[in-house]
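Since the structure comes first, as structure tokens, the remarks are kept for the end.
The values are calculated or read from the model by the stated rules, or taken from the named source; none is laboratory data. Owing to the predicted nature of the structure, the values given are computational and were not obtained by experimental measurement. Quick reminder, even Gly has a Cβ in these numbers, built from the backbone with ideal geometry, and neighbours come from all protein chains shown. Please note that ligands, DNA and RNA were not included when accessible areas were found on the heavy atoms of the full protein model with its side chains. Shrake-Rupley method; radii C 1.70, N 1.55, O 1.52, S 1.80 Å.
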Amino acid sequence: MEYRLLGHSGLKVSVLSLGTMTFGGQGKFAKTGQTDVGTAQRQIGLCLDAGVNLFDTADVYSGGESEVILGKALGSKRHDVLVASKARFPMGEGPNDRGSSRHHILRACEASLKRLNTDYLDLYQLHEWDGLTPLEETLRALDDLVSSGKVRYVGVSNFSAWHIMKTLGVAQANHYIRPVSQQIHYTLQAREAEYELLPVAQDQGLGVLVWSPLAGGLLSGKYRRNQAAPEGTRHLADWGEPPVRDESALYDVVDVLVEIAEARGVSAAQIALAWLIARPQVTSVIVGARTDAQLQDNLLAADLTLNNEEIERLNKVSQLPLLYPYWHQAQTAPDRLSAADLSLIAPYLKK
């Protein structure tokens, strides 16, 4: 297992981490999985044996039950690992039971600590942008949590690039704690993060944690062109996260994944995960699994290195069009682009 620095910090995290959305299986989260404490203990054991040191959850997962199960499953091992959680989404019916206000963030953190049975969080993340709460208020609350020892590092999730830059600017201007990471959706099926989120991470020294790296299973190899979906799985028509805007393009990617996987004698899921691990801005890829077998297969991706030809095939079949203003920059300013600029534009420049 390889370990990488989490953004502009001294904290090292494993290139694969475990997501716990499957823990609990209550309410709308039942469709992702129904992992109980016993299964969670086995899966955490598999992760620890593989060298995983980061476990990611959120207060909203199964209404907090995910955090409860993670805390119980970790037990005495809690201080040997890194625990990350998130807050922002509704945790009650009241008007202040959501968002990134000081009122909600402080209450949410205390509740997460209690459910996890721990006295600190290694990484506390804003789960989504809140356009109503002043950033000064949110960041001061996070700063106070760090000062009190209840939080070690802070991060953001599902922010746009301008949200991130505004957050970093307010933090710097007021000497508040600076986020060290962003958690984003990024896969071979959805490479939109390459337009701005990955360049801003590279430029500003933010770690990148990737959620749903197999696009909810779309890139696992189970879903094939002109074939019925496996029994007990979702159909493409039911997919909302991530949205499937071009079914044909999705299957083009899956076809290449499966071809490379068959030639390697590994699963398509391992190839998709290995491609993400090889992306220069990615710090850690968060995997989750309904079964122990799925998790064991995913963990093998940490030791899988794709060759240049395989990476190029995957890049080509999944490449997005170069949007404005990037195509204009590629045409008129290729001699004055930074490394962050070129992380997006370089593949489109004429040789």
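With a simple spin-label model that places each label point 7 Å from the Cα along the Cα-to-Cβ direction, the separation between residue 247 and residue 89 comes to 2.7 nm.
Using a Förster distance of 35 angstrom, determine the FRET efficiency expected from the C-beta separation of residue 148 and residue 222, and round it to 0.05. With R0 = 35 Å, the Cβ-Cβ based efficiency is 0.15.
Subtracting the Cα-Cα distance of residue 28 and residue 79 from 0.36 nm times their residue separation leaves 15.3 nm of extension gain.
The heavy atoms of residue 291 present about 60 square angstrom of accessible area, all protein chains included, probe 1.4 Å. Annotation: the stretch 120-256 has a Kirkwood hydrodynamic radius of 16.9 angstrom, from the mean reciprocal C-alpha pair distance.
Remark: for residue pairs 222/350; 86/222; 28/114, the C-alpha separation exceeds 25 Å in 222/350; 86/222. Accessible surface comparison of 119, 143, 49, 252, probe 1.4 Å, protein chains only, largest first: the order is 49, 119, 252, 143.
Its Kirkwood hydrodynamic radius, worked out from the mean inverse distance over all distinct Cα pairs, puts the chain at 20.9 Å. Multiplying the residue separation of residue 114 and residue 3 by 0.36 nm and subtracting their alpha-carbon distance yields 37.1 nm. Among 67, 194, the sequence by solvent-accessible area, most first, with a 1.4 Å probe is 194, 67.
For the chain, relative contact order (Cα pairs under 8 Å, six or more residues apart, normalised by length) works out to 17 percent. On full extension, the segment bounded by residue 262 and residue 304 gains 13.7 nm, given 0.36 nm per residue less the C-alpha separation. Every helix of 4 or more DSSP H residues in the chain counts as -39500 (n - 2.57), and over all residues that averages to -11500 deg cm²/dmol at 222 nm.
Site pair residue 346 and residue 331 shows an inter-label distance of 2.4 nm when each label is modelled 7 Å from Cα along Cα→Cβ.
Accessible area per residue was computed with a 1.4 Å probe on protein heavy atoms; residue 303 scores about 120 Å². Placing +1 on each Lys and Arg Cβ and -1 on each Asp and Glu Cβ, with no other charges, gives the chain a dipole about its Cα centre of roughly 280 debye. Among 191, 178, the order of accessible area from largest down is 178, 191, computed with a 1.4 Å probe on protein heavy atoms.
Spin-label model, residue 175 to residue 12: label points 7 Å out along the Cα-to-beta-carbon direction sit 3.3 nm apart. Annotation: residue 164 carries an accessible surface of approximately 10 Å², with a 1.4 Å probe and no ligand, DNA or RNA atoms counted.
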